[in-house]
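All remarks here apply to the structure that follows.
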Number of protein chains: 2
Amino acid sequence: MNLLKKSKIYNCGTDLPPYKNTWLLTRLILHVPSVIIVTHIQPTWPIYTSELSKQLRPFFLNMSSATVNPDLARERAGASFDVKELTNILYGGPENVKKRRYLHNVAIQDPVLARTKPWAFRSREEEYNESLRQNIYMYKKMKEMGLNFVERAYYSEAATPTEANAIGVHSGMFTPTIEKQGTEDQKAKWLPLARDLKIIGTYAQTELGHGTFIRGLETIATYDARTKEFVINSPTVTSVKYWPGGLGKTSNCCLVMAQLETQGKRHGIHMFMVQLRDFNTHKLLPGVEAGDIGPKFGFNGNDNGYLRLNNVRVPREHMLMRYAKVLEDGTYIKPPDQRIGYGTMVFIRALIISNISKPLGQACTIAVRYSAVRRQTEVSPGGIEAQIIDYQTQQYKLFPMVATAYAMHFTGQFIQRYYTKISDEIEAGNLESFSVLHALCAGLKAFSTWNCTAGIETCRLCCGGHGYSHASGLPKLYSFHTPGCTYEGENNVMMLQLARFLMKIYPDIKRGAPLNEFLQCYTVDLSKKSCMTEEVALGSLVKAYEHRAARLLEDAAHNMERLVRSGKSRQEAWNASTVALTWAATAFCHLFVVNSFVDLVNKSQTDKNTKDVLTKLCKLYAVHGIIERLGEFIQDGFISPLQITNLQNKLTQLMAEIRPNAVAVVDAFDYPDKILDSCLGRYDGQVYQALYEYAKNSPFNEKEVLDSYFKYVKPSQGEGTSALSRL
Amino acid sequence: MNLLKKSKIYNCGTDLPPYKNTWLLTRLILHVPSVIIVTHIQPTWPIYTSELSKQLRPFFLNMSSATVNPDLARERAGASFDVKELTNILYGGPENVKKRRYLHNVAIQDPVLARTKPWAFRSREEEYNESLRQNIYMYKKMKEMGLNFVERAYYSEAATPTEANAIGVHSGMFTPTIEKQGTEDQKAKWLPLARDLKIIGTYAQTELGHGTFIRGLETIATYDARTKEFVINSPTVTSVKYWPGGLGKTSNCCLVMAQLETQGKRHGIHMFMVQLRDFNTHKLLPGVEAGDIGPKFGFNGNDNGYLRLNNVRVPREHMLMRYAKVLEDGTYIKPPDQRIGYGTMVFIRALIISNISKPLGQACTIAVRYSAVRRQTEVSPGGIEAQIIDYQTQQYKLFPMVATAYAMHFTGQFIQRYYTKISDEIEAGNLESFSVLHALCAGLKAFSTWNCTAGIETCRLCCGGHGYSHASGLPKLYSFHTPGCTYEGENNVMMLQLARFLMKIYPDIKRGAPLNEFLQCYTVDLSKKSCMTEEVALGSLVKAYEHRAARLLEDAAHNMERLVRSGKSRQEAWNASTVALTWAATAFCHLFVVNSFVDLVNKSQTDKNTKDVLTKLCKLYAVHGIIERLGEFIQDGFISPLQITNLQNKLTQLMAEIRPNAVAVVDAFDYPDKILDSCLGRYDGQVYQALYEYAKNSPFNEKEVLDSYFKYVKPSQGEGTSALSRL
């Protein structure tokens, strides 16, 4: 990061008048290569002009950011606050913003990472190859630059924004699991190899017949004390490993999760290092059957794979033995605490929570900018057509999603801080707060992925027909991120894990025992009514969410008690209450998110105008949430009919107040065009010209007449058509 | 259809014991080709075994429907009603069901229509080519068989279930528009050519900058009285036609919607027949610039295209002149009624309403069958893992979607009957009921596409990780049908068209004027409370929906009045009320759907058990709708807290009651495996074996080691890895 300190940083988006951008960009790239230019106005297309047909070049040269769509320019000029200020709040201050932009631009300006054609024009094979090439390059580059965890995230989101990553599991799960669960010997032996990509590994947990319930895995590792080896097998079709990223073609090693059997006894699931492919030829080793699982909704640059093991032997030292152990004679030593192995899992869930707001922020940026440019339907007969962002129905869909992106962003930051705090405690052997963290991450993982991915689809649908084209960048955002609802714990199961935790502490609540800081909501007096006034203060909104969370938990608990009294076992009562329990857990998460946002607003040290915008977004998030699940808030009369009317009026008012700042609010997410990768979301708003050029470049247009015309169409027409010269 | 009468029809699914299927199938196909076998147990894979690698053949031969997954077999055996009976109700009686199966099987057994590899394994070019080949074949075949409209739908859903159709607009819009809006001369000249595919046409309305608001279209047709021609131009980038299906590469003709200008005056949009490509060479004609618009979320077998016209001249006779006319000297003759041109539009919307339940029914079939086969998490420690369909949370997601598929199916049938009735009146020049039909189709088009496509995604997410693979068939169902929310009228605009109609009749409601049969709900007394008892009768549910619809319309009207009183113009008040208006219109649609379902249940002449299942589905649809939008029903105290508890208990009870019949209820949709095209939804429930085989066939697995390994991975590893022989 030394370069950062030395460089003069320009931000073409805000620091310089737009007309100077092209000139500056050209001059500096051509003549002053050591200066880093922060070109947050990256026209989408020039990135790959070099390999496009020559006829298009003049067009691209003309399409500089100098010509920002006047509607968009007017929106920006009309904002009531300083965008930079909000960006600073989002990313933790000006220094971090500077670093983030720097790293984005290092990636954007790197010719090795340049995109040679639009993402969607690639075949699956091209997608995989490009992704592999870029990700290997990026992996080495990040090591070379000595980036830390946060810096890596910034660099990679701009380096390969749309590529599924065939070595993502290697860096995200394989290596960290060795770090966390390996012995010192194992770490010393494998980590250097892994960090140099000399071995590329994946993490094989899910099986064809087994997902979230990992105790049900069937893959078995039987210890053979004679040879001091584990013999690993996939005994059934349902035990075939299925889905691990990079497993199909890329990885040569794998951490396999399997049932451990030693001395004739089963000891539950443990991790085993298995070499899959020959280090020289990359061919599969004997006993290993593996391959790609075929095309999916998204992630097609990733070779998610299957793996069937047939009497594959690995040395005893290949079981990860930091906690549990198998001695030479086969004696099994239990780990000090069963939960300790869940560390990676909780880490990944916390990461999902803090990352899933990003694609929603990107989708909002695309949809809001496009909605400011798109004009449709004259408002008064014969008048000019209105910007679609002026339609209340459009605002009602989009603005709450913008608010959600902010809310989830701040919640993610909150969880990251909390995770760091708790995991330090865990590393020190203190597992006291682990169950809170575990439950919280489970519930919030579900809540955040459900809401953010649904929000991305809302944004796509807000862009009408053009949102359906891959040119918009939106379908990809959805199909790439929707698996977050399933992987690392299926969302319904996750929400019920939180519910189980809440039901466990329910007796404590009832007897007034001291509760964890996050559980204070359950101490509210449910007989009290809402004190919300016409102004709809943040405090009164939080109280409404607290009341709802407490009431729904009580409802679920009463429901279970009633069933138990009627003769059902606790397990049966649980099974017959999971819908109510899900509602209770969801209400807790919703409150948590509202609280995180309110907390940020209250604590942020910023100017009045910026704080005003933040407050409005926060309020919109909370009010919209009540309106959408109104029944849960009013069912017991907590909110009165008059207060409902106030809330509905407030909603309309907030949308109208946010309207003039909408573009600036999404600009503040500060995503360069290369990341957005969207004809509709371009910073310069030249959407129609971009769509037209996108179409002209479609691979189908390389030939004026396709071969299929001669093969299928012409023969079907008989002679009649040829005889017609003109219609 | 003569063959139908002569053939002996067997249905392997229900008429014969399962173990006989394979034998029968083989015998009859090989030896008795003139007999049609209704093989509704079509294993997914045998369809394309012929071109698969030889090693797989033995597997497929073993995988007959003789081995139905025991969980699924048990579900079927345990159903309380006769599946055939429900299928008969869905498709209008045994004769129609027989016809539907016959036509499915004619398509399924036709080798020309056989699928040579899974849909998702194709490149976009292969997808387009295959789709074109099959659709041209199918088009001719349907003509040859002399199928009517309904029969064509049955045949084609099995002939090319997953293929986007490059000539779909030709048969669905181009030809019907000539039929409806052409003069006798035009019909005589063009229809024979179109029906023989001697010309292939598309319908170009949408422009880059103009969608639902068709009055804003910019393409202009100027009449030149000197040459008696229209000169058609795309004057701007935003006027470039964009999206029409089959326009990019396939069509040689096009109906272009353009602003008519004659004698220096504009007369609004009219339709012009334009030849795009040479009939011999298929090359674009002078002045015509057209091409494919590139890859999209789905529909990639369709060459949706763009079109830019530069001084293209067509004879005066190329304007569709059944209603409006331009005389030789350029005199413009207005159509008798402006609305008459909307006929095709309303027809297509009615068609969407009746078709969109089909993919939801398919998604439900896949998800419910898979949920019966999938086992996950032991319910009691150490016990057998439960079928996921037994989890209440899974039921709460899936069963209401099954009920929705039924509700929308019956609503679609209702609308079709109503459309036929009204369009007969329109043909006879009576436009009185047109505005009701127009408003109804607008609102229901939005309501049905929103709910059914969201339901498809719910089904996909209910299938966990495997739902994300294209092997499940689910991602495709969503991405193929979600454009229904946008095309033929953007849904928000559609809902507001209905709202506009409702506000127009609002004064009639207030003064007690007689109302159309569908609007009777607005005469309810809003001060009355719900009479719902613990039993939650269908009648009381309808009353709840009526109350909500009437209250929300009144709310929206009051809101507008308040704004007008505060000094806003009516237009401004409208714009500031569109969210409330959308709620009111949605509530009307929701009531309409509940009514259609209740009507069907009340009128259906069937046995007690079948009626019982239908009633439960209907009730579940209505109860779930209330729970999900509870606030709207209880806001004014119409439903009491006790009644809410009753509703919630009823919901739980209904789910438990539907549970044992769930598989049978989706079986009743009677979709053969070829249509479902899903490893998860197979009739025989052998999902894991199917997924495993799907993976093994992935194109990525043709080579054991991909070239990219040598190109990117190996060079990045330096010499270290090769030196390692084993880890």
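The values are calculated or read from the model by the stated rules, or taken from the named source; none is laboratory data. As the structure is a computational prediction, the values presented were derived from the model and not from experiment. Methodologically, a virtual Cβ is constructed for each residue, glycine included, from the backbone with ideal geometry; neighbour enumeration extends over all protein chains shown. Surface areas here come from the heavy atoms of the whole protein model, side chains and all, with no ligands, DNA or RNA. Shrake-Rupley method; radii C 1.70, N 1.55, O 1.52, S 1.80 Å.
Using the eigenvalues of the Cα gyration tensor, what equivalent ellipsoid semi-axes result for the stretch A:173-341 when each is taken as the square root of five times the eigenvalue, whole Å, largest first?
Numbers: eigenvalues 115, 66, 49 Å².
One finds semi-axes of 24, 18, 16 Å for the stretch A:173-341.
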Checklist entry - Heavy-atom accessible area of B:Met271 with all protein chains present, probe 1.4 Å, nearest 10 Å²? => result 10 Å²
Next on the checklist: Suppose we look only past 14 Å in the calculated P(r) of the stretch A:424-510. What percent of the Cα-Cα pairs does that tail hold?
Outcome noted: 70 percent
Item to check | Along each principal axis, Cα extent of the stretch A:162-231, largest first, Å | outcome: 43, 33, 18
Checklist outcome for this item: Distance in Å, no decimals, from the C-alpha centre of the stretch B:284-302 to the one of the stretch B:572-600 is 37 Å
Checklist entry - How far is the Cα center of the stretch A:215-270 from the Cα center of the stretch B:172-235, in Å? => result 65 Å
Item to check | Pairwise FRET efficiency - B:Glu144 versus A:Asn310, Cβ, R0 = 41 Å, nearest 0.05 | outcome: 0.20
Checklist entry - What figure in square angstrom, to the nearest 10, would you give for the accessible area of B:Glu534 with a 1.4 Å probe? => result 140 Å²
Next on the checklist: Keeping all protein chains in the complex and leaving out DNA, RNA and ligands, what accessible area do you get for B:Arg308 with a 1.4 Å probe, in Å² to the nearest 10?
Outcome noted: 60 Å²
Checklist entry - Under a point-charge model restricted to the Cβ atoms of Lys and Arg (+1) and Asp and Glu (-1), what is the dipole moment magnitude of the stretch A:173-341 relative to its Cα centre, in debye to the nearest 20? => result 140 debye
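Stokes-Einstein at 20 °C, 1.002 mPa s, Kirkwood radius from Cα pairs: D for the stretch B:111-163 in µm² s⁻¹?
Numbers: Rh = 11.6 Å.
In µm²/s, the coefficient rounds to 184.
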Checklist entry - What is the mean number of Cβ atoms from other protein chains located within 10 Å of the Cβ atom of each residue in peptide B:685-695, rounded to a whole number? => result 5
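Over the Cα atoms of the stretch A:203-278, compute the convex hull volume and normalise it per residue, giving Å³.
Values: hull volume 6.8 nm³, N = 76.
Considering the Cα atoms of the stretch A:203-278, their hull volume per residue is 89 Å³.
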Checklist outcome for this item: Taking the alpha-carbon centre of each part, the distance from the stretch A:616-665 to the stretch A:76-110 in Å is 30 Å
Checklist entry - If the chain between A:Thr116 and A:Arg195 were fully stretched, how many nm would it gain, using 0.36 nm times the residue separation less the Cα-Cα distance? => result 25.6 nm
Checklist outcome for this item: Descending accessible area (1.4 Å probe), largest on the left, turns B:Ser371, A:Ser423, B:Ser171 into B:Ser171, A:Ser423, B:Ser371
Item to check | For B:Asn491, net neighbour charge (Lys/Arg +1, Asp/Glu -1) across residues whose Cβ lies under 12 Å away | outcome: +1
Checklist entry - Hey, got the dipole for the stretch B:111-163? About the Cα centre, +1 on K and R Cβ, -1 on D and E Cβ, debye to the nearest 20? => result 100 debye
Item to check | Calculated log₁₀ intensity ratio I(q)/I(0) where the Debye formula runs over C-alpha points of the protein assembly as shown, q = 0.06, 0.07 Å⁻¹ | outcome: -0.56, -0.79
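What is the stretch A:125-211 by shape, rounded, prolate or oblate, if you read a ≥ b ≥ c off the alpha carbon gyration tensor as root eigenvalues and call it rounded for a/c under 1.5, prolate for a/b larger than b/c, and oblate otherwise? Each step should come with its number before you reach the end.
Numbers: a/c = 1.86, a/b = 1.17, b/c = 1.59.
It comes out oblate by the Cα gyration axes.
Using the 2.2 N^0.38 Å rule of thumb for compact globular proteins, work out how the stretch A:477-570 stacks up: its C-alpha Rg over that value, please.
Working: Rg = 17.1 Å, N = 94, 2.2 N^0.38 = 12.4 Å.
Normalised Rg, Cα atoms only: 1.39.
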Checklist outcome for this item: Sorted on mean Cβ neighbours within 10 Å (highest first), peptides A:328-337, B:656-665 come out as B:656-665, A:328-337
Next on the checklist: Report the Cα-based extents of chain B along its three principal axes, largest first, to the nearest Å.
Outcome noted: 82, 72, 70
Checklist entry - Amide H to amide H under 5 Å from A:Val240: which residues, 5+ apart in sequence or cross-chain, H placed 1.01 Å off N in plane? => result A:Leu208, A:Gly209
Item to check | Principal axis box of the stretch B:559-648, alpha-carbon based, largest edge first, Å | outcome: 60, 30, 15
Next on the checklist: Give me the one-decimal nm value for the distance between modelled label points at A:Glu517 and A:Val705, 7 Å along each residue's Cα-to-Cβ direction.
Outcome noted: 7.4 nm
Checklist entry - Each label point is 7 Å from the Cα along the Cα-to-Cβ direction; what then is the distance between the points at B:Leu642 and A:Glu126, in nm? => result 6.9 nm
Checklist outcome for this item: Non-local residues with an amide H under 5 Å from the amide H of B:Thr212, with H modelled 1.01 Å from N and Pro and chain starts lacking one, are B:Glu490
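Please label the shape of the stretch B:497-549 as rounded, prolate or oblate, based on the square roots a ≥ b ≥ c of the eigenvalues of the alpha-carbon gyration tensor (a/c under 1.5 means rounded; beyond that, a/b larger than b/c means prolate, else oblate). Before the final figure, lay out each step's value.
Details: a/c = 2.74, a/b = 2.13, b/c = 1.28.
The shape class here is prolate.
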Item to check | Karplus-derived 3J(HN,Hα), 6.51/-1.76/1.60, for each residue of the stretch A:109-119, Hz, glycine and proline x | outcome: 8, 7, x, 5, 9, 5, 8, 8, 7, x, 3
Item to check | Calculated diffusion of the stretch B:266-333, Stokes-Einstein form, Kirkwood radius summed over Cα pairs, 4 °C and 1.567 mPa s, µm²/s | outcome: 89 µm²/s
Checklist entry - What helices in chain A pass both tests, a Cα length along the helix axis of 20 Å or more and a mean Kyte hydropathy of -0.5 or higher, using whole DSSP H runs? => result A:357-373, A:392-427, A:434-462, A:491-510, A:538-565, A:578-603, A:608-628, A:641-658
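Dividing the convex hull volume of the Cα atoms of the stretch A:289-422 by its residue count, what figure in Å³ per residue is obtained?
Values: hull volume 22.6 nm³, N = 134.
Here the figure is 169 Å³ per residue.
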Next on the checklist: With +1 on the Cβ of every Lys and Arg and -1 on the Cβ of every Asp and Glu, and nothing else charged, how large is the dipole of chain A about its Cα centre, in debye rounded to the nearest 20?
Outcome noted: 580 debye
Checklist outcome for this item: So the FRET efficiency between B:Asp508 and A:Arg266, C-beta based with R0 = 51 Å and rounded to 0.05, is 0.10
Checklist outcome for this item: Residue-normalised 222 nm signal for chain B, counting each DSSP H run of n ≥ 4 as -39,500 (n - 2.57), nearest 500 deg cm²/dmol, is -15500 deg cm²/dmol
Checklist entry - Which cross-chain or sequence-distant (5 or more) residues have an amide H under 5 Å from the amide H of B:Val312, H modelled 1.01 Å from N in plane? => result B:Ile232
Checklist outcome for this item: Once the dipole of chain A is set up from charges on Cβ (+1 Lys and Arg, -1 Asp and Glu), the residue from the list A:Tyr323, A:Tyr692, A:Gln520 lying farthest towards its positive end is A:Tyr323
Checklist entry - For labels at A:Leu431 and B:Glu572 in the simple 7 Å Cα→Cβ model, what's the distance in nm? => result 6.6 nm
